[in-house]
Amino acid sequence: MKVVFAASLEQKKMINDLIDHLYHSVFPLYFEAGEIKEFIRWEVLKAPDEKEEWLETADDAFRIIAALQVLISLLELKSLPGENKDYENLFYKNKWILEKYHISFPFTYRQFSSLHNSDLALSMFTSAANEFLI
């Protein structure tokens, strides 16, 4: 008999938080606000709702969390080295993990090889520098 642990609500929340981080901190480096709105409309990186049973085990949740964290780490390099096969393999391996769990990530490594939007001051998707109006 094999005992498995179900994914917890905290793990599902962490997955949603990582996806939110991608949308608000990472994607604005590479895409315009209009493109990001389209990603939302196309349900890119949309995890099923917390009430839906889409994760069978805690191991599944950990795989998704790790894949998202690795992709975030790669994409926060500001631009991926174009000729680095190790980074490219790492990117596609983690993209495949997300897609295995029906989390859409329709991007290629080359789309992140250079910054497209280095001035983030006016993007509606970036986090505020502080909480006060000045």
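I want to confirm something. Restricting to the stretch 87-103 and keeping residues that are outside any helix (DSSP H, G or I) and surrounded by 14 or more Cβ atoms within 10 Å (Cβ to Cβ), which single residue is nearest to the chain's Cα centre (by Cα)? Among those that are outside any helix (DSSP H, G or I) and surrounded by 14 or more Cβ atoms within 10 Å (Cβ to Cβ), it is ILE103.
Restricting the stretch 46-100 to residues that are touching a helix residue (DSSP H, G or I) at 6+ places or on another chain (Cβ under 8 Å) and hydroxyl-bearing (Ser, Thr, Tyr) leaves a set whose member that is modelled with the lowest pLDDT is SER79. Filtered by the rule that a residue be surrounded by 18 or more Cβ atoms within 10 Å (Cβ to Cβ) and at negative phi, the stretch 29-46 gives LEU29, TYR30, PHE31, ILE36, PHE39, VAL44. Among the residues of the stretch 64-86, are any buried (at least 17 other Cβ atoms within 10 Å of the Cβ), on the phi < 0 side of the Ramachandran plot and not aliphatic (A, V, I, L, M)? Scanning the stretch 64-86, I find no residue that is buried (at least 17 other Cβ atoms within 10 Å of the Cβ), on the phi < 0 side of the Ramachandran plot and not aliphatic (A, V, I, L, M), so the answer is no. The set of residues in the stretch 16-28 that are surrounded by 19 or more Cβ atoms within 10 Å (Cβ to Cβ) and more than 16 Å from SER73 (Cβ to Cβ) contains only PRO28.
Among the residues examined, LEU45 qualifies as touching a Leu at 6+ places or on another chain (Cβ under 7 Å), in a loop (DSSP other than H, G, I, E, B) and more than 18 Å from GLU10 (Cβ to Cβ).
The values are calculated or read from the model by the stated rules, or taken from the named source; none is laboratory data. Since we're looking at a predicted model, the values are computed, not measured. Methodologically, a virtual Cβ is constructed for each residue, glycine included, from the backbone with ideal geometry; neighbour enumeration extends over all protein chains shown.
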